[in-house]
Structures are given as structure tokens and as C-alpha cells.
1. Specify which residue in the list 177, 32, 13 is farthest towards the positive end of the charge dipole of the chain, using unit charges on the beta carbon of Lys, Arg (+1) and Asp, Glu (-1), about the Cα centre.
2. How much accessible area per residue does the chain have, counting only protein heavy atoms and a probe of 1.4 Å, in square angstrom?
3. I want to check a number: in the chain, how many lysine pairs have alpha carbons closer than 22 Å, given a sequence separation of 8 or more or different chains?
4. Report the percentage of all Cα-Cα pairs in the range 6-133 whose separation exceeds 21 Å, rounded to a whole percent.
5. Based on Cβ point charges of +1 for Lys and Arg and -1 for Asp and Glu, what charge dipole magnitude is obtained for the chain about its Cα centre, in debye rounded to the nearest 20?
6. Work out the length of the dipole vector of the range 31-122 about its Cα centre, built from +1 on the beta-carbon of each Lys and Arg and -1 on the beta-carbon of each Asp and Glu, and round it to the nearest 20 debye.
7. Say each of residue 205 and residue 80 gets a label point 7 Å from the Cα, pointing the same way as Cα to Cβ; how far apart are those two points in nm?
8. Mind giving me the nanometre distance, one decimal, between the label points for residue 144 and residue 2, set 7 Å out from Cα along Cα→Cβ?
Amino acid sequence: MKHEWLIFDLDGTISDPKDGIVRSFNYALQAFDLPVRPDADIAAYIGPPLDQTFIQLVGSHELDLIQLLVAKYRERYAEIGYRENRLYPGIAQVLAQLADAGQYRLGVCTSKRADFADKILEMFGLRERFEFVSGGDIGIEKWQQLAALRRDGVISQQAVMIGDRAVDITAGQRNGLQTAGVLWGYGSVAELSQVAPTYLFEQPAQLGQL
């Protein structure tokens, strides 16, 4: 199948956001006198929407509390958290290779709010590589973001959703897209193999195989 669009997740796929995300989660938890959590506990949730992660971390579905926690998280993240981030080695080079090949159109589909995603990509000098950035928000699932991109004619069916978590793969599959799981982020071999992506890559350079 010829690929026209390569759609990238951001966190755990293009860059490693762990420090900023962990510190911002604990900043929010501490603000409401909730127990802070070890880095590894929070890192396991990198990828899904913020509200879903807070529900897991605090064990509550109380909407008002979850919304307050998300707002407090974003308070720190907007100021400093987004900068506590690093590119995965080799990812800038492979994005340049894919963009310069002239065969593909590149986009980003992330659960992160679009303005934060734009700031991160601009910080790394990568924003110009992508034709669009689709960001999420509370109550929006990634499969719904992809469905809207398809419905609005932004992307075609000849697209590959690329990400490090099962949610990225299932979002692509639900929209009839091919998918590529990447193993340098926060999803394990077991997690990604269970959802059977079209491709499974161990290193960024392998994305060139697309």
C-alpha cells in the first residue's frame, strides 16, 4: 500500500517529555494535598489524555477535581514543563529524510493540547516539517481526532499512524489506517504486540522503511 500521509504521535515518539510531565503531575497533586508519585509510576501513563491519567493516579472520577488537577498541571507545564523535554536521538534526521523525500505528507496527532505541541515542535525546530498539528483535550480520544481529520479531508485513507502506545495503534486501526508502533518510547513490546500494528520499529532510523 502506498503511503501518502505519515501521522506522528508526539510524546514518546518524537520527543521524551518525561521530566516535564512527571514534575507537572506532582505539582498538581501536591497543590491539592494528594500524595506525590514516583517518576516510574507517572511515566507509565505518558501518552493517554491528562484526565484519564489523573483518574488513574487519584482513583477518583469526580469531574470537578479532575478538571482542577488538569488546570493546575497545565499551569506549570505551560511555563516550564514543555521545555523539560528532549528529542530522541536520530528522530530529527529521519523526519528530514521523510519530508525531503517528497513522497509523503507529515502531520502530528497528539493527546497533548495543540498549543503545547506547537511550542515543543518549534523549540526543536521541527514545526515546519508538519502540515498540521492535531491536539487533544479533556474528553477527546485520539481515534476521534483521527476521525475528524478524515472527515474534514485533512488526511486521506493512505495514512500511517505512528506512535509508542497501544492507544495510538488502536486509534489508527479504528479509522482503517495502517499503523506503526515504535519501541523507543513508553510502550513495551508486549503492549504494542498485543494490538498488532502493521509495522513495529526499534529505532527511529527504521522509519525510513516506510
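1. 177
2. Details: 9350 Å² over 210 residues.
With the other protein chains kept in place, the chain gives 45 Å² per residue.
3. On the way: 18/72; 18/112; 18/119; 18/142; 72/112; 72/119; 112/142; 119/142.
Taking the chain as the scope, the lysine pair count is 8.
4. Values: 3310 of 8128 pairs.
Cα-Cα pairs in the range 6-133 separated by more than 21 Å: 41 percent.
5. Numbers: 20 positive and 27 negative charges, 66 e Å.
With only Lys, Arg, Asp and Glu charged at Cβ, the dipole is about 320 debye.
6. So the dipole magnitude of the range 31-122 works out to roughly 260 debye.
7. Roughly 3.7 nm, to one decimal.
8. 3.5 nm
The values are calculated or read from the model by the stated rules, or taken from the named source; none is laboratory data. This structure is a prediction, so every number in the text was calculated from the model and none was measured. We place every Cβ from the backbone using ideal geometry, glycine too, and count neighbours over all the protein chains shown. What goes into the accessible areas is simple: the full protein's heavy atoms, side chains included, and nothing from ligands, DNA or RNA. Shrake-Rupley method; radii C 1.70, N 1.55, O 1.52, S 1.80 Å.
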